[in-house]
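Scroll down for the structure; my scribbles are underneath it.
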Amino acid sequence: MWRNPFSRRKRDDRADDWSERDLALENSPWSPLYDLDDDDDGLAGAFPSGHYAPGHYPAPLPPRKGLRRFLPERLRGRSWLWWISRWTAAILMLFFVLVAYLAITAPLNKSLQPIVPPQITLLAADGTPIARNGAMVDEPVFVADLPAHVIEPFLAIEDRRFYNHWGVDPRGVARAAFTGVGGGSTITQQLAKFTFLSPEQTLTRKAREALIAFWLEAWLTKDEILERYLSNAYFGDNMYGIRAASLHYFYRQPENLRPEQAAMLAGLLQAPSRLAPTRNPELAAARYDLVKGALVAAGYVTQAEADAMGFPALDVRTRNDLPTGTYFADWALPQARQLSDVSYSRQTLTTTLDSRIQNIARQVIDRAPLGDAQVALVAMRTNGEVVAMIGGRDYAASPFNRATQARRQPGSTFKLFVYLAALRAGWEPGDTIPNTQFTQGSYRPGNSNDRYSDTITLREAFAQSSNVAAVRLFNEVGSEAVIETARELGVTSALADGDPSLALGTSTMSLLELTAAYAGVAANSFPLEPRAFPQEEAGWFDWMWNGRGSLNSSDHADIEEMLRAAINGGTGRAATLNIANFGKTGTTQDNRDALFVGYAGDLVVGIWIGNDDNSPLNGISGGGLPARIWSQFMRGALGAEASPPRPTPSPDPSGPVEPMDVPDLQDIPLGDGRRLIIRDGEAVIVSDIDGVPVEIGVRDGDFSFEFDEEAAARRLEEELRREGIEVEP
């Protein structure tokens, strides 16, 4: 009969009486138990009563306690030796499975690559260095080329039994724990850690480190492991690998290091930043003495030889006199990493930045009366090459790039997409649209100062930045058409479908994105991708299949007509040049953002002014300071002198003029770069003489004269140097 092996029964109940069914089976002729008697084979009394079942076989006794009572009956009699052998086999099998998994998923060639991006030097288009970023790495080393006295200090202090273990050294761990000499991790484990793992200190990470160490030992020779370790280890001062470190600290190749120099480098690996001799020579000297003691203990040198080894003198010749970052460099670096090869060599890449134009941008920004506001500037060619970038007033104080990272409302500069969508739908610049107030609906935008008219042409509505006309035009052409136009021009930011306020620039985007869209219009080829590195000219086949769009000649001429009207007779009059110029002003609600985006010649430039906390600006509008900065920058970059003509009378004198987008009435352009400003009862003429800003004020018949002393001094120094006269700083 079957018995539940997990049931608990009293010892006295083991001898179960046979049931009537059992007796019937014994007396049945067809049963194997037929004619079976306890005394037939002379076994009566061989077993204690009740300890055997019919057929004279003893009944198995279930264990009274312990884990065996949970096992199947056939496994209860196994010995502990049997169990240990099975568990050992299972663990080994799991280990080999994990090693096989690592061989498939963990790329071995990763240990051949530098653990940090190598140093990249960025040059301006004329070859002027502008920034240097990344770690100092150099070519890997080979054990066969290194003298023994270069390798021995690393083995003595980091892993004395390196050539005798299989990646993990319990003896080395014990020695490090009791003596404090040597690392608890082997060289193989350290290579696994800084090549494949994060620096977290957890048991899980240590277990993975040991497993990867076994895997490295299985696939690489000892010399290959040591080579990769020495070529990637960090030695402080942003130096990775023994070649970069030896050149930095001693101006020597590692193959030519002296014993004391190699010993000092070996001592840095425990805490490179803290022990670097250029920063903490005392700590480096103390660690150096410990390395010499390890060399003696390992038998590599005698005590007398160690005592004769003095602390090596440094020969540091490398100097990083370039900034590690600028607004442009921070934006260009990810593109540079994609262009560079994955190798140990340092690279120098030439960017599209024009150092002359960048300097002009910085000078114009420095002279602008911004108050506490921030500013951003992007200048690019019509092919997308960025030639100048200002992401803020001071990179050292705030590296946040407001030209590429900040997402602000574009204001009326977004109307470009609304009017362009209308032109593509069949509208013409001379067509009229109602310019009256909204009296119905939940959304009722208005023009500033409540200036309206019955109708207005699209040309005038765009030039004068009429809000009600833009919203009505948006509703006429549909939000889908406007959004589609913006997408085709390269706008990727979120745009609210069906929201009429979108026509007034309530969405957010970066200045770089907005400027690139205007560049697409200027080139009549879109979308344009802003880039920091020159690209080869596309061939005819590439041009046919590049997927870019363009406007028909009529629509392109019409939108340029409106963009030019916005500068020459509209809200952007302060930006007027004496060459063909096109642009649009933009000012958001409560003057939180002020923008001007436009193009002239081969340059497309966007200017943004605002506060980082999105607070209102103090009297700055898109047609004021941003337009003047744009004009001054263009004059310097293109050599085009501003000569704004008298504003032409509006065809519709009663048409609206958005004060939010025009200079204050107290700021009047006089031509030739001069302006008349009325403030606090004083008339001030602002101009610049040979690049030096000058202000002449008149109040109650008294004259005042002010000029930028620093700019004048710089100008004087330039003139003196031009005449060959040395000027002391």
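The values are calculated or read from the model by the stated rules, or taken from the named source; none is laboratory data. From a predicted model like this one, the values you see are computed outputs, not experimental measurements. Surface areas here come from the heavy atoms of the whole protein model, side chains and all, with no ligands, DNA or RNA. Shrake-Rupley method; radii C 1.70, N 1.55, O 1.52, S 1.80 Å.
The string of couplings for the stretch 150-159 from the Karplus curve (6.51, -1.76, 1.60, θ = phi - 60°) is 7, 7, 4, x, 5, 5, 5, 9, 9, 7 Hz, one whole number per residue in order, with x for Gly and Pro. For Asn435, the residues whose amide H sits under 5 Å from its own are Ser453, Thr455, Ile456, ignoring neighbours fewer than 5 places away on the same chain, with H placed 1.01 Å from N. The H on the amide N of Thr350, modeled in the peptide plane, is under 5 Å from the matching H of Leu123, each at least 5 residues off or on a different chain.
The phi torsions of the stretch 222-238, fed into the Karplus equation with coefficients 6.51, -1.76 and 1.60 and a -60° offset, translate into couplings of 4, 5, 5, 5, 5, 4, 5, 5, 5, 7, 10, 4, 8, 10, x, 6, 6 Hz, rounded to whole numbers, with Gly and Pro shown as x.
Which percent of Cα pairs goes in each bin when the distances of the stretch 492-628 are cut into 5 angstrom slices starting at zero? Spelled out per bin, shortest first, that is 2, 9, 16, 20, 20, 16, 9, 5, 2, 1, 0.
Only protein atoms count toward the accessible area here, which uses a 1.4 Å probe; on the stretch 412-463, the carbon and sulfur part of that area reaches 38 percent.
Our analysis of the stretch 546-626 gives Rg over Rh at 1.06, with the two radii drawn from alpha carbon positions and Rh computed by the Kirkwood formula. Our summary of shape: the Cα atoms of the stretch 261-384 have principal axis extents of 71, 38, 22 Å, ordered from largest down, in whole angstrom. The H on the amide N of Val301, modeled in the peptide plane, is under 5 Å from the matching H of Val296, each at least 5 residues off or on a different chain. Evaluating 6.51 cos²θ - 1.76 cosθ + 1.60 at θ = phi - 60° for every residue in the stretch 492-504, the Karplus couplings come out as 10, 5, 5, 10, 6, 6, x, 8, x, 5, 4, 4, 9 Hz, glycine and proline recorded as x.
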